[in-house]
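Working notes for the structure below.
The values are calculated or read from the model by the stated rules, or taken from the named source; none is laboratory data. These numbers come from a predicted model, not from an experiment. When we count neighbours, we look across all protein chains shown, and the Cβ atoms used for this are built from the backbone with ideal geometry, even at glycine. Each accessible area value is taken on the protein alone, full model and side chains, heavy atoms only, with ligands, DNA and RNA left out. Shrake-Rupley method; radii C 1.70, N 1.55, O 1.52, S 1.80 Å.
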Amino acid sequence: MKKLFFVLFISLIVLVGCGSSGNFEAQTNWEVSDFEYENQHGEKVSLEDLKGTVWLSTFIFTNCETVCPPMTFNMSDIQAMLSEKGIEDYKIVAFSVDPEVDTPDKLQEYIGNYDVVDESKWELLTGYSQEHISGFAADSFKTLVRDDPNTNQVIHGTSFYLVDQNGVVVKNYSGNTDVPKEEIVIDVETLIEDGK
């Protein structure tokens with residue numbers, strides 16, 4: 001029995017430890033569910049609108065007191081790196097996990113606090129219920145979004161997601177600490193080039 005447990009444990013380590021950077025076929029491959037939400041300019045943005053474009057995605061909210069500010073800073077840093085390499089054909093899509101508070105005006109004010117290279121690349125989305133975004137996050141990005149009833153904060157994941165031209169999540173990364181910024185830039189560039 002101990003030997004069987006040891007074999008299973010070693011197999012699990014091998015499975016978890018094996019990943020390959022740049023091989024998108026071996027990655028996550030989660031399809032993003034169809035959506036149409038409202039951005040920081042009060043404009044409708046749908047999954048269909050993003051088809052044909054590579055995008056980076058994350059989950060944030062404007063009243064966040066912990067992880068969202070560094071995540072948004074990290075994403076703006078990645079955008080600056082993309083700009084330096086002359087990479088233009090992408091979007092950054094951030095879904096609010098606190099939609100009742102995060103109106104388009106609040107989202108516009110929020111992004112204005114960051115030194116972003118090109119705000120036209122950013123789609124900060126809202127216009128749905130808390131229950132809806134919890135289900136959407138679980139279905140499309142395999143991540144948790146849960147309202148904390150004891151505070152005005154929302155519990156959510158801190159990953160960045162790379163979504164291909166067909167609306168498929170092909171890779172995810174840490175978005176808060178130890179963010180692999182150079183790897184993300186290379187992966188975005190590779191995905192854009194592969195799609196041409």
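For the stretch 82-196, the solvent-accessible area of protein heavy atoms averages 47 Å² per residue (probe radius 1.4 Å; ligands and nucleic acids excluded). Global dimensions of the stretch 80-133 from alpha-carbon coordinates: Rg and Dmax equal 13.0, 39 Å. Ordered by 1.4 Å accessible area with all protein chains kept, Met75, Met81 run largest first as Met81, Met75.
Ligands, DNA and RNA left out, the 1.4 Å accessible surface of the stretch 128-196 is 45% carbon and sulfur atoms.
Would you mind calculating the relative contact order of the chain from Cα pairs under 8 angstrom and at least 6 residues apart, reporting the percent as a whole number? Intermediate values should be presented prior to the final figure.
Numbers: 308 pairs, mean separation 58.1, N = 196.
Across the chain, relative contact order equals 30 percent.
In the stretch 37-144, inverting the average of 1/r over every pair of distinct C-alpha atoms gives 14.2 Å as the Kirkwood radius.
Against the main long axis of the alpha-carbon atoms of the chain, helix 2-17 sits at an angle near 40°.
Using only Cα atoms, figure out Rg for the chain and give it as a multiple of 2.2 N^0.38 Å. Before the final figure, lay out the partial values.
Values: Rg = 17.6 Å, N = 196, 2.2 N^0.38 = 16.3 Å.
So the Cα radius of gyration is 1.08 times the expected 2.2 N^0.38 Å.
Annotation: aspartates and glutamates with alpha-carbon distance below 16 angstrom to Lys106 (same-chain offsets under eight excluded): Glu38, Glu43, Glu65, Asp98, Glu119, Glu123. Its alpha carbons considered, the stretch 103-196 gives a radius of gyration followed by a Dmax of 15.2, 49 Å. In the context of the full protein assembly, Thr190 retains an accessible surface of approximately 50 Å², using a probe radius of 1.4 Å and ignoring ligands and nucleic acids.
Please get the size of the charge dipole for the chain, origin at its Cα centre, with Cβ charges of +1 on Lys and Arg and -1 on Asp and Glu, quoted in debye to the nearest 20. Kindly include the intermediate steps, with their values, before the conclusion.
Numbers: 13 positive and 34 negative charges, 213 e Å.
Rounded to the nearest 20 debye, it is 1020 debye.
Rg and Dmax of the stretch 139-190, based on Cα coordinates, read 13.7, 44 Å. Considering only Leu124, Leu82, Leu47, the mean-square fluctuation computed in a Gaussian network model of the chain, springs between alpha carbons under 10 angstrom, is largest for Leu47.
Partner lysines whose Cα lies under 19 Å from the Cα of Lys181, excluding those fewer than 8 positions away in the same chain, are identified as Lys85, Lys91, Lys121, Lys171.
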